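Student: Provided herewith is a single structure, encoded as structure tokens, for subsequent inquiry.
The values are calculated or read from the model by the stated rules, or taken from the named source; none is laboratory data. The structure displayed is predicted, hence computed values, not measured ones. As a convention, Cβ positions derive from the backbone with ideal geometry for all residues, glycine included, and neighbour counts pool all protein chains shown.
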Amino acid sequence: MHVLPFPPIDRAITKSEWKKQLAEAISSPAELLRQLDLEHLLKENTDFESGFRLRVPQAYINKISKGDPKDPLLLQILPTLLENHPSGILDPVGDLEAMPSLGLLHKYHGRALIITTAACAIHCRYCFRRHFPYSDAQALSSQWSETLAYLQQHDEIHEVILSGGDPLMLDDDKLSALCRDLENIPHIKWLRLHTRLPVVLPARITPSLLDWMKSSRFRITVVIHANHANELGNEEFMAIQALKNSNVGLLNQSVLLKNINDNAATLVDLSHRLHDAGVTPYYLHLLDQVRGGLHFDVNREKASKIVDNMRSQLPGYLVPRLVVEEKGASSKTAISNI
């Protein structure tokens, strides 16, 4: 893939553009494979009956190599029969056990997480919340006042994390209104957004989104989810640079995925690409043991060797922390010391 090292950052993306791209996202495996000259896979291993349907924007498809059934981006989004294996856990990280108010997770000291929406622009096949009961557990509904009351009462909470789904699937007006409510709680100092949209739908990074980020009293950190350097092309660079120029802190977390990024060379390339974009590699997650995603699993021994190999090739600040999330733990569990 040919990319520019430092693309221009001044973009004029309107709300209607990203909404249009989202509405045109592909949901048919047949159409996806037709575009990629891989129609023969339809009879081999594509799962048309998956309860977790395909969804992928054209911007992401454009980065997938045609005719390559092993493309690392394709493998992240194509439903296959491997997802029908009965092993795995519906709630692998214990979200439902850590929910004092609907849509609010309070697992770790000093921070709380809000489930803002069920929607994502892309359906990653390894998603740990693919079975999450969103219809019963979203904070931005009739329970919002209860969520705010809980946060008011817990002055040890200094950071709020917006998750989902993907919080950037919310309109700018709704997102800014949510943040204004949170800004009225004095002890909350930091806001963190976990999002894949800068990588899969870069048009989402609109001037109005950047405006409210600049005007917020919060120190805002955006954690993007990139798993492979091929996900970071010119458009993604421009979106990330626009965030960076809005005084937003930028981190990345990846999931270690079998046959996609489970080798040091691939992850070293990703760290280089992230650094060029001004993003700090933060976490490398072992796969959450979710039902339907276990074919992506990489064992701890291999994962540790991969990170050791990365450490021999990179400065320490470009080596992500290898972690796993475990039910009931007080924080992410480190697998390899950095």
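Student: Output the number of residues of the stretch 211-243 satisfying the condition of being crowded, with 23+ Cβ neighbours inside 10 Å and outside any helix (DSSP H, G or I).
Tutor: 5
Student: In addition: Could you tell me which numbered condition LEU82 fails, if it satisfies all but one of (1) of a type outside the set (D, E, K, R); (2) surrounded by fewer than 20 Cβ atoms within 10 Å (Cβ to Cβ); (3) modelled with pLDDT of 90 or more; (4) assigned to a helix (DSSP H, G or I)?
Tutor: (3)
Student: Still on this structure: Only one of (1) surrounded by 20 or more Cβ atoms within 10 Å (Cβ to Cβ); (2) within 30 Å of LEU284 (Cβ to Cβ); (3) of a type outside the set (Lys, Arg) is not met by THR147, so which one is it?
Tutor: With (1) surrounded by 20 or more Cβ atoms within 10 Å (Cβ to Cβ); (2) within 30 Å of LEU284 (Cβ to Cβ); (3) of a type outside the set (Lys, Arg) applied to THR147, the lone miss is (2).
Student: Related question: If SER215 satisfies every condition in (1) touching a Phe, Trp or Tyr at 6+ places or on another chain (Cβ under 7 Å); (2) free of Cβ contacts under 8 Å to residues at least 24 places away in the same chain but one, which is the exception?
Tutor: Failed condition: (1).
Student: Collect the residues in the stretch 289-312 that are crowded, with 23+ Cβ neighbours inside 10 Å and not hydrophobic (A, V, I, L, M, F, W, C), keeping them in residue-number order.
Tutor: Answer for the stretch 289-312, where residues must be crowded, with 23+ Cβ neighbours inside 10 Å and not hydrophobic (A, V, I, L, M, F, W, C): GLY292, GLY293.
Student: With (1) in a loop (DSSP other than H, G, I, E, B); (2) closer than 25 Å to LEU191 by Cα; (3) in contact (Cβ under 8 Å) with a residue 40 or more places away in the chain as the list, and SER246 as the residue in question, which single condition is left unmet?
Tutor: The single condition SER246 does not satisfy is (3).
Student: Take SER215 and tell me if it is at pLDDT below 95 and either farther than 17 Å from ASP166 by Cβ or not charged (D, E, K, R) (or both).
Tutor: So SER215 fits the description; yes.
Student: Let me ask another. So HIS106 ticks every box in (1) closer than 19 Å to LEU243 by Cβ; (2) modelled with pLDDT under 95 but one. Which box is left unticked?
Tutor: Failed condition: (1).
Student: List the number of the failed condition for VAL268; all other conditions in (1) surrounded by fewer than 23 Cβ atoms within 10 Å (Cβ to Cβ); (2) in a helix (DSSP H, G or I); (3) touching a His at 6+ places or on another chain (Cβ under 7 Å) hold.
Tutor: With respect to (1) surrounded by fewer than 23 Cβ atoms within 10 Å (Cβ to Cβ); (2) in a helix (DSSP H, G or I); (3) touching a His at 6+ places or on another chain (Cβ under 7 Å), VAL268 is out only on (3).
Let's see how each residue does on (1) touching an Asp or Glu at 6+ places or on another chain (Cβ under 6 Å); (2) more than 25 Å from ALA119 (Cα to Cα); (3) in contact (Cβ under 8 Å) with a residue 40 or more places away in the chain:
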| position | (1), (2), (3) |
| --- | --- |
| THR195 | yes, no, no |
| PRO207 | no, no, yes |
| GLY278 | no, yes, no |
| LEU287 | yes, no, yes |
